[in-house]
Amino acid sequence: MKKKRIDLISLGCSKNLVDSERLLKQLSDCGFEAYHDSDEVKGKIVVINTCGFIGDAKEESINTILKFAEAKDNGNIDKLYVMGCLSERYREELQQEIPEIDKLYGKFDWTNLTHDLINSYPSTLPYERILTTPKHYTYIKISEGCNRFCAFCAIPLITGRHKSRPIDEILSEVKDLVSKGVKEFNIIAQDLSSYGLDLSNEMMLPELIDRMAQIRGVEWIRLHYAYPAQFPYGVLDVMAKHKNVCKYLDIALQHINDNVLKNMLRHVDKQKTLDLIHTIREKVPGIHIRTTLMVGFPGEDEEAYNELVDFVKGIKFERMGAFAYCEEEDTYAAKNYEDTIPSDVKTDRLNKLMDVQEQISLDLNESKVGKTFRVIIDKEDKEFYIGRTEFDSPEVDPEVLIEKTKKLGIGEFYNVEITEALPFELFAKP
Ligand code: SF4
């Protein structure tokens, strides 16, 4: 019997990608030929895993749904299913506005899809997945949801309260993935810092990472989405202790001005932020800190903005991304603050901040010229092998372009010497 083909389109963040990978496995275990993000959709059944976090992401999700609604109207596909954050947030509205959608699933009930398709649930283990990333690295989602309720953020409205996965289940998943050839584990959550608080009233991230680092075959563990308040300091000792825990920490700080941080409901102030950064760098020398900052939040006057610029110039984050505030309905900020800062002012502030960061990134990269770093090879193109050091998270951080003077293997580690630097790229020789 020819297997039925299903096309799954994944939008949004790596946390969404993990859900898509779980669904791919469930569909495949139910006898479907499941494809992910194909250039050309050839199946008659399409599933879209949407993002509903912020304006642009929502727009991309809606446009993707409309594209396949049209394909259905033209008879190119038979069934259209939508899941994920956008439909978790706007289920009724989407069904009314786009009647071509056969069924909507939210952030969690998408596991019913296979039952709706073939009246049975697969025997797939909860963490089993079909990986869509290059086979040597993956994302490990250790919890879902968030209890922080930052004033600008809609995520808690979509994902609900913070819920940690059991530590043994996560470690079993890692062991299983190591046996399938995965070497690099990117740890993700909405709020990494709170891991375990709901399980044992203790911050369990240090224990989780310490035990994960002792699993044979785990070459790299990299931490993302930490939160500055109630930070699990013990994880810094674990990072310093284990060579295979990357000297890297992604921690969104959003701002530095006390008044703006207070209005953002970030539960942290300037001094605590500076102390935290100082402790991170003291406990883990050479660590690369990635942060995310926001400009244009209601109440951010010129003085507060200049304080943010001085902060970035002073701290010199090894990695930094920034956004302009975008009002999200139903958030505390939307209900309590006027979004009065003109968009051209927001854009100017954003561009100026990124210009400052570009110079910082170039200076840092230039300081690496002539030095040797261990890299993993992700892929190759005509001219280069493309790899990353322990300081580079996939998709978001600089890559290392390695000249093809020697044959290198995808998914393998090599020591390479940096020969040239650009703001967001390094060149190297094997
Ligand atoms: S910690 Fe992150 S996910 Fe949670 S509310 Fe704040 S910004 Fe949103």
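At 7 Å along the Cα-to-beta-carbon direction for both LYS135 and TYR233, put a label point, then send me their distance in nm to one decimal.
For LYS135 paired with TYR233, the spin-label model returns 4.4 nm.
Keeping all protein chains in place, calculate the accessible area per residue for the range 238-280 (probe 1.4 angstrom), answer in Å².
About 41 Å² of surface per residue is accessible.
Where the only charges are on Cβ atoms (+1 Lys, Arg; -1 Asp, Glu), what is the dipole of the chain about its Cα centre, to the nearest 20 debye? Can you show the working numbers first?
Values: 57 positive and 74 negative charges, 372 e Å.
Magnitude of the dipole: close to 1780 debye.
Assign one of three labels to the range 80-128, namely rounded, prolate or oblate, based on the Cα gyration tensor with a ≥ b ≥ c the square roots of its eigenvalues; rounded applies when a/c is under 1.5, prolate when it is not and a/b is larger than b/c, and oblate otherwise.
Details: a/c = 3.77, a/b = 1.74, b/c = 2.16.
The shape class here is oblate.
Summing Lys, Arg as +1 and Asp, Glu as -1, what charge do residues with Cβ under 12 Å from the Cβ of LYS42 carry, LYS42 excluded? Don't skip to the answer; put the middle values down first.
Working: positive: LYS4, ARG5, LYS44; negative: ASP7, GLU33, ASP39, GLU40.
Net charge in that neighbourhood comes out at -1.
Place +1 on the Cβ of every Lys and Arg and -1 on the Cβ of every Asp and Glu in the chain, take the dipole about the Cα centre, and give the residue among ILE315, SER87, PRO206 whose Cα lies farthest towards its positive end.
Result: PRO206, furthest along the dipole toward the positive end.
Return the single residue from THR133, THR405, THR114 with maximal mean-square fluctuation; model: Gaussian network over the chain, springs between Cα atoms under 10 Å.
It is THR405.
How big is the convex hull of the Cα atoms of the chain, per residue, in Å³? Let's see the in-between values first.
Working: hull volume 68.9 nm³, N = 430.
Dividing the Cα hull volume of the chain by its residues yields 160 Å³.
What is the sum of charges, Lys and Arg at +1 and Asp and Glu at -1, for the other residues whose Cβ falls under 9 Å from the Cβ of VAL18?
Details: positive: LYS15, ARG22, ARG129, LYS141; negative: ASP19, GLU21.
Cβ neighbours under 9 Å give a net charge of +2.
As a check on your grasp of the helix formula, calculate [θ] at 222 nm for the chain: sum -39500 (n - 2.57) over DSSP H runs of n ≥ 4, divide by the residue count, round to the nearest 500. Walk me through the numbers before you get to the answer.
Working: 15 runs with 155 residues, N = 430.
It comes out at -10500 deg cm²/dmol, rounded to the nearest 500.
Taking the Cα of PHE108, stepping 7 Å toward and past its beta carbon, and measuring to each backbone N in the range 131-146: which are under 15 Å?
Output list for this probe position: 143-146.
Pick out, from LEU408, PRO342, THR331, the residue whose Cα sits farthest towards the positive end of the charge dipole of the range 319-430, with +1 on the Cβ of Lys and Arg and -1 on the Cβ of Asp and Glu.
LEU408
What size of dipole, in debye to the nearest 20, comes out for the range 269-328 about its Cα centre when the only charges are +1 on Lys and Arg C-beta atoms and -1 on Asp and Glu C-beta atoms? It would help to have the intermediate numbers written out before the result.
Details: 8 positive and 12 negative charges, 123 e Å.
Here the range 269-328 has a charge dipole of around 580 debye.
Quick one: with all protein chains in place, what share of the accessible area of the chain is carbon or sulfur, to the nearest percent (1.4 Å probe)?
Values: 9500 of 19050 Å².
Percent of accessible area from carbon and sulfur atoms in the chain: 50.
From the square roots a ≥ b ≥ c of the eigenvalues of the alpha-carbon gyration tensor of the range 212-310, which class results: rounded (a/c under 1.5), prolate (a/b over b/c), or oblate?
Numbers: a/c = 2.70, a/b = 2.56, b/c = 1.06.
Prolate is the answer for the range 212-310, as a/c is 1.5 or above and a/b outweighs b/c.
Determine which aspartates and glutamates satisfy two conditions relative to LYS25: a Cα distance under 17 Å, and not lying fewer than 8 residues away in the same chain.
Partners within reach: ASP7, GLU33, ASP37, ASP109, ASP116, GLU128, GLU173, ASP176.
Past the 26 Å Cα-Cα mark, which pairs from LYS141/LYS404; LYS3/LYS72; LYS371/LYS407; LYS72/LYS180? Intermediate results must be reported in sequence, preceding the final value.
Numbers: LYS141/LYS404 35 Å; LYS3/LYS72 21 Å; LYS371/LYS407 21 Å; LYS72/LYS180 38 Å.
Distance filter (> 26 Å) returns LYS141/LYS404; LYS72/LYS180.
Can you divide the C-alpha Rg of the range 44-153 by 2.2 N^0.38 Å and report the result to two decimal places? Intermediate values should be presented prior to the final figure.
Numbers: Rg = 15.6 Å, N = 110, 2.2 N^0.38 = 13.1 Å.
That works out to 1.19 for the range 44-153.
Heavy atoms of the protein only, probe of 1.4 Å, neighbouring chains included. What is the accessible area of MET212 in Å², nearest 10?
0 Å²
Taking the chain as a whole, which cysteines find no other cysteine Cβ under 4.7 angstrom from their Cβ?
Taking the Cβ cut-off of 4.7 Å, the unpaired cysteines of the chain are CYS13, CYS30, CYS51, CYS85, CYS146, CYS246, CYS326.
Which one, ASN306, ASN201, ASN365, has the greatest fluctuation when you compute a Gaussian network model over the chain with C-alpha springs under 10 angstrom?
ASN201
Too long at a 26 Å Cα-Cα cut-off: which of LYS67/LYS379; LYS183/LYS241; LYS4/LYS163? Don't jump to the answer; show the numbers that get you there.
Numbers: LYS67/LYS379 31 Å; LYS183/LYS241 19 Å; LYS4/LYS163 35 Å.
Cα-Cα > 26 Å for LYS67/LYS379; LYS4/LYS163; rest within.
What lysines does LYS313 reach when the alpha-carbon gap must be under 21 Å and sequence neighbours fewer than 8 apart in one chain are set aside?
LYS270, LYS272, LYS346, LYS352, LYS368
The values are calculated or read from the model by the stated rules, or taken from the named source; none is laboratory data. Quantities reported herein were computed from a predicted structural model and do not represent experimental measurements. Ideal geometry is used to build each Cβ from the backbone, glycine not excepted, and the neighbour counts take in all protein chains shown. Heavy atoms of the whole protein, side chains included, go into the accessibility calculation; ligands, DNA and RNA do not. Shrake-Rupley method; radii C 1.70, N 1.55, O 1.52, S 1.80 Å.
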